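Every number here is computed from the coordinates shown, using simple stated rules; none is lab data. Please read these numbers as outputs of a predicted model, since none were measured by experiment. Positions of Cβ are backbone-derived with ideal geometry, glycine not excepted, and every protein chain shown enters the neighbour counts.
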Amino acid sequence: LYHVGSREEYTLPTCFLPRTLLIIAGLCVAHNICLKNLALSHEKATTANLIHNLDTALAFIVQVGLFGVPAEALSLVGAGLIMLGTVCLTLSKILGFNCGTEF
């Protein structure tokens, strides 16, 4: 989406290729959501959650590696905490840790 003038408005580009790429990206996101919902119905929630949260790490890799946009330190810390929490929960399920309460 392109910024138009000094106003806070965005509009679709008029060129064919950028507009087509934006539409394809939107369709890919919708497809991604559908597949994640399907995975949640077939996989354990812990496994599906781990894969879902890997999107955060992959987004940073694409941001820095492909687009060359440096990630901010606060964003990296936040993403690291998300990944650390997910890995800890997954390991606790795999290793069978139980604090005596079931939800």
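The table for this structure:
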| quantity | calculated |
| --- | --- |
| Full-extension gain in nm, ALA45 to SER75, via 0.36 nm per residue minus C-alpha separation | 8.2 nm |
| Cα→Cβ-extended label distance, 7 Å offset, between LEU35 and LEU17, nm | 2.6 nm |
| Ordering of 48-55, 77-84 by packing [mean C-beta count within 10 Å, highest first] | 48-55, 77-84 |
